[in-house]
Structure formats: structure tokens, C-alpha cells
Amino acid sequence: MKQKTLALLLALALLLALPACGKQKAPEAVEEPEVTEPVQPEEPQEEEVPEEEAPAEEEDTSSEEDAGQQPENAGGQESTAQKPAETPASKPAQKPAEKPAQKPVETPVEKPAEKPAEQPAASVDLAAFYESLTANNANMPAMMQAEGETLDAFYTGLSTIKTNQCGVYMAMISAAVGEIALVEVENAADVQAVKDIFQARIDYQVGDDANPGGAWYPATIEGWKNNSRIVSNGNYVMLVALEGADDVVAAFNALFA
């Protein structure tokens, strides 16, 4: 009996519960669209975040790359976007160092051989040369060496010139044509001065149409005019007034050959 009673009570409870369940299902069906409607508009929000922020970051990086600074985001933090490495093409090409212009090699120009100044090969003993003339010339008149006042009177200025050797020999008889002057100067510049003094001696002995010559006698004057010579070799100068003067000149030049 008890079991039957329990079964009946359960059956009644089920019957009562069925209408209650039917009433609750209606509002659940109405509320379902309210829950699903707000979910649909959220779909475009997921697309706005990456699409809008990407161009903003590209503009910031490009503008700040030109300024040479790292871009900063809105919160003040440094952006993690790295500045693209500069390519070798972006750097200005370095101009190679200019090599100093090399001077052209100067080839030495061969200068023409200078003509050597006329200098004696060796020292010549003028006194010995005079002695050789007197020994080999029998026609030479007797002579004496002029010194002091006599030298200054007939060869004015010769004593003022610096000489290494100086010998002036004059005929002891004024009517004879015979005179030899031999000089070696210290300085080559004085060679011409000695020649001028020797020429002045010849001019005095020969004279001119207005003044008679110092030789006085016509034959002596003629001998000085035709048989007087002046010759030089280096620093050596000779005057000769003597018959056969050309032979004496040849002997003098042979000393320096």
C-alpha cells in the first residue's frame, strides 16, 4: 500500500512539474537573442587594432629616421622597432687620397767642355830661360838687369804689380837693339796690365812723327819697330826687342807646350 501511495505521489509531482517547466521555457527562448546580439559587433574591433596601429608606426619611424632619433610611443617608452642598417651605398664614397704629382726625372744636360784657361803645365824658371838665350845667341848684345829707379823710369808701374818673378834686361849700349823683359804675375787679372806697360815701352822707343823715339838713332828706332814682340802664356808675359825676335818667341812658347 505504501508503495502504491508513493507511486501516486510521484506521478502527481511529475504532473505538477510539467506545466511549470513549460512556463519557464518561453522566457529562455526570448532571452537567447539578447545574449547573442552584443557578441556580433565585437568582430570588427579585433581588426581595428593591427590595421590602424601599423601605418602609424611606419610614419613615426620614417619621420624620426630623417631626424636621426629613435621613435617613441605614446606612453613615453622607446619603440622596439630597430633602425634599418645603413647600406654601403647610403654612405658617400670616399675620394681616394690624391698622390702627389711626381716630378719628371730631370736628365742631366751635358754641358760643353769648357776651354781650360791658358795655364802653364809647370812652373817656369824665367831667369834660367834668359840664361839659355844668352848662351845660344852669339849676336845678342851685352845686357844688364834694370832695377830700382831705372826700372821705374822705363817700365813705369811694373813695380806696383805683385809678381812671382820679374827680370828686365837692357842692352848696355843705347845704340844697340836689345831688350828682354820676363814677368810672372801672382794674379791672372794683372796680365793685361803688364802687357800695357810693355807696349808703352815699345811706343816710347819708336816714337811718332811729332816726337823722336827714345831709341834716338834711326836704325835703332827701326829695329824696335820691326823686331819687338809681346807674348803671354798663363801668368807669364814677355817683351823682346832683338834681332831674331821670332825665334825667341818660339823658344818661350815651347816652355809651356
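The values are calculated or read from the model by the stated rules, or taken from the named source; none is laboratory data. Note that this is a predicted model, so its numbers are computed, not measured. Glycine also receives a Cβ, built like all others from the backbone with ideal geometry; neighbour counts cover every protein chain displayed. In case anyone asks, the SASA skips ligands and DNA or RNA and just uses the protein heavy atoms, side chains included. Shrake-Rupley method; radii C 1.70, N 1.55, O 1.52, S 1.80 Å.
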Worksheet item: Can you tell me which residue in the stretch 126-143 is nearest to residue 225 (Cα to Cα), limited to those that are out of contact with any helix residue (DSSP H, G or I) (no Cβ under 9 Å at 6 or more places or on another chain) and open to solvent by 70 Å² or more (accessible area, probe 1.4 Å)?
Response: 139
Item to complete: Identify all residues within the stretch 215-257 that are under 52 Å from the mean Cα position of the chain (by Cα) and at pLDDT below 95; write none if there are none.
Response: 257
